[in-house]
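> The structure's right below; bear with me while I get my questions together.
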Amino acid sequence: MQKIKFITLLIAVLLVGCSEVNKTKTIKIAHGLNIEHSVHKAMVEMGADLEKRSGGKMKLEIYPSQQLGSERECLELLQIGSLDMTKVSVGVMENFAPKMKVFGVPFLFRDRQHSFDVLDGPIGKEILDDGEQYWLKGLAYYDAGSRSFYTKNKPINTPSDLTGLKVRVMESVTAIDMVKALGGSATPISWGELYTSLQQGVVDGAENNPPSFYLSRHYEVCKYYSLDEHTVLPDVLVIGTESWNKLTQQEQEWLQASADKSVNYQRKLWLEAEEEALHEVEKAGVTIIRPDKTLFQDKVKSIYKGYENDKVINSLINQILETK
């Protein structure tokens with residue numbers, strides 16, 4: 001009799017344990033950056049806020065540093081429901097949300113505040129929603145600053161300095177078109193393979209923002225950084241629609257609110273990270289170049305003309321340029 005009571009009690013304890021576990025909904029999120037990056041730190045903050053906001057009913061489980069694959073691979077995992085959330089650059093996301101191609105148009109934003117006004121407003125929301133037709137729901141934009149060229153053996157002072165150089169770009173049509181317009185040879189390579197590709201001479205350089213240049217340690221190979229700031233490509237926080245639809249309305253509201261709150265935190269960290277990155281790479285022997293941006297702007301006018309027949313992108317370009 002005592003044995004039966006013990007077994008009954010044990011089963012009851014196990015069932016209660018399972019029920020407690022089931023009360024917490026775990027959202028798995030992966031990204032390709034290291035844990036020192038502002039995006040990862042913002043995700044940690046988002047997770048803490050989500051757990052607090054939901055009273056422990058929801059939490060984030062973060063997989064950094066490409067543990068679950070490249071940005072494109074993570075998006076594909078979201079589409080089939082094998083992963084819940086990820087962070088991708090709009091340069092990669094444009095392959096799944098066509099309206100995001102507009103961010104690849106060079107020299108589109110006047111300054112940082114102009115980009116925030118667009119991203120946080122109705123234009124940004126319209127573009128963010130475009131991925132839902134491909135089972136990818138955008139939740140928010142993280143700041144990724146401006147992208148500039150860095151090279152191994154040759155400083156980039158004018159567009160003509162890019163002639164004949166192989167420049168790594170993301171898998172983005174607009175990025176490829178931009179480098180071609182400036183005279184370089186665009187070479188798509190995954191982020192995880194870039195350090196070795198630079199070392200081995202597969203490419204002569206790349207383009208990215210200061211924190212990425214610094215944290216990737218690409219400055220160990222590339223000793224010239226030309227701040228032409230050709231594009232502002234924000235990062236996008238994305239959830240698969242399959243995962244999103246499994247959440248209750250209340251859970252969706254908690255997750256969206258925590259994501260929104262993490263944006264302001266990330267933007268603050270990003271500014272600090274930019275300053276630190278430029279200071280550290282210069283200290284490590286990198287020559288920082290501040291070229292005449294108008295020379296680069298003149299060379300990419302053909303890209304704007306190329307979108308004149310694309311009603312959707314051309315309309316977005318004009319809306320963004322007209323945003324005060």
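> Hey, what's the chain come to in accessible area per residue, 1.4 Å probe, Å²?
Result: 47 Å² of accessible area for each residue.
> Using a cut-off of under 19 Å, list every residue of the stretch 247-267 whose amide N is near the label point 7 Å from the Cα of Asp111 along the Cα-to-beta-carbon line.
Taking a point 7 Å out along Cα→Cβ of Asp111, the residues of the stretch 247-267 whose backbone N falls under 19 Å are 267.
> If we count every other residue with Cβ under 14 angstrom of Val286's Cβ, Lys/Arg +1 and Asp/Glu -1, where does the sum land?
With Lys, Arg at +1 and Asp, Glu at -1, the neighbours total +2.
> With all protein chains present, calculate the accessible area of Asp177 using a 1.4 Å probe and round the result to the nearest 10 Å².
The accessible area comes out at roughly 70 Å².
> Could you list which residues have their amide H under 5 Å from that of Met58, counting only those 5 or more apart in sequence or on another chain, with H placed in the peptide plane?
Amide H to amide H, under 5 Å and 5 or more residues apart or across chains, Met58 pairs with Lys25.
> Another question, then. Taking the dipole about the Cα centre of the chain, with the C-beta of Lys and Arg at +1 and of Asp and Glu at -1, give me whichever of Cys74, Thr294, Pro210 is farthest to the positive side.
Of the listed residues, the answer is Cys74.
> Next question, about the same structure. Under a crude label model (7 Å from the Cα following the beta-carbon direction), how far is Asp260 from Ile288 in nanometres?
3.6 nm
> Top mean-square fluctuation among Val102, Val88, Val202, Gaussian network model of the chain, C-alpha springs under 10 Å?
Most flexible of the set in this elastic network: Val202.
> A follow-up question, please. List the residues whose amide H sits under 5 Å from the amide H of Asn209, counting only those 5 or more places along or on another chain, with H placed 1.01 Å from N in the peptide plane.
Result for Asn209 returns Ser148.
> Out of the total accessible area of the chain (probe 1.4 Å, heavy atoms of protein only), what percent is carbon and sulfur?
Answer for the chain is 52 percent, counting heavy atoms of protein chains only.
> Mean residue ellipticity at 222 nm from the helices of the chain, using -39,500 (n - 2.57) per DSSP H segment of n ≥ 4 over the full residue count, to the nearest 500 deg cm²/dmol?
-14500 deg cm²/dmol
> What is the dipole size for the stretch 217-324, taken about its Cα centre, with +1 at each Lys and Arg Cβ and -1 at each Asp and Glu Cβ, in debye to the nearest 20?
Computed about the Cα centre, the dipole is about 260 debye.
> Which one of Ser226, Ser146, Ser160 has the biggest mean-square fluctuation once the chain is modelled by GNM with Cα springs under 10 Å?
Largest GNM mean-square fluctuation: Ser160.
> Give a residue-ordered list of calculated ³J(HN,Hα) values for the stretch 301-313 (Karplus: 6.51 cos²θ - 1.76 cosθ + 1.60, θ = phi - 60°; whole Hz; x for Gly, Pro).
These are the phi-based 3J(HN,Hα) values: 4, 5, 5, 4, 5, x, 9, 4, 8, 9, 4, 5, 5 Hz.
> Mind checking the dipole of the chain: about its Cα centre, +1 per Lys or Arg Cβ, -1 per Asp or Glu Cβ, Debye to the nearest 20?
560 debye
> If I ignore ligands, DNA and RNA and count only protein heavy atoms, how much of Thr26 is accessible to a 1.4 Å probe, in Å² to the nearest 10?
In the full protein context, Thr26 sits at about 50 Å².
> While we're on this one: Need the full-extension length gain, His279 to Asn153, defined as separation in residues times 0.36 nm minus the C-alpha distance. One decimal, nm.
Contour length minus the Cα-Cα distance gives 43.3 nm.
> What residue among Gly55, Ser315, Val179 has its Cα farthest toward the positive end of the dipole of the chain, where the charges are +1 on Lys, Arg and -1 on Asp, Glu, each on the Cβ?
Gly55
> I've got another one for you. For the stretch 232-324, run through the GluC sites (Glu not before Pro) and keep only the ones in DSSP coil with at most 12 other Cβ atoms within 10 Å of their Cβ.
Here the sparse-neighbourhood loop sites are Glu308.
> Could I have the simple spin-label model distance between Thr323 and Ile35, label points 7 Å from Cα toward Cβ, reported in nm to one decimal?
So the two model labels end up 3.5 nm from each other.
> Among Tyr265, Tyr141, Tyr304, whose mean-square fluctuation peaks in a Gaussian network model of the chain (Cα, cutoff 10 Å)?
Sorting by GNM fluctuation, first place goes to Tyr304.
> Residue by residue, what Karplus-based ³J(HN,Hα) values in Hz, rounded to whole numbers, does the stretch 80-89 have, using 6.51, -1.76 and 1.60 with θ = phi - 60° and x for Gly and Pro?
Whole-Hz 3J(HN,Hα) from phi for the stretch 80-89: 9, x, 7, 9, 8, 9, 7, 10, 9, 6.
> Also: So for Asp143, Asp111, what's the accessible-area order with a 1.4 Å probe, most first?
Asp111, Asp143
The values are calculated or read from the model by the stated rules, or taken from the named source; none is laboratory data. On a predicted model such as this, the values are computed, not experimentally measured, just so you know. Glycine also receives a Cβ, built like all others from the backbone with ideal geometry; neighbour counts cover every protein chain displayed. Accessible surface is based on the protein model in full, side chains and every heavy atom, while ligands, DNA and RNA are left aside. Shrake-Rupley method; radii C 1.70, N 1.55, O 1.52, S 1.80 Å.
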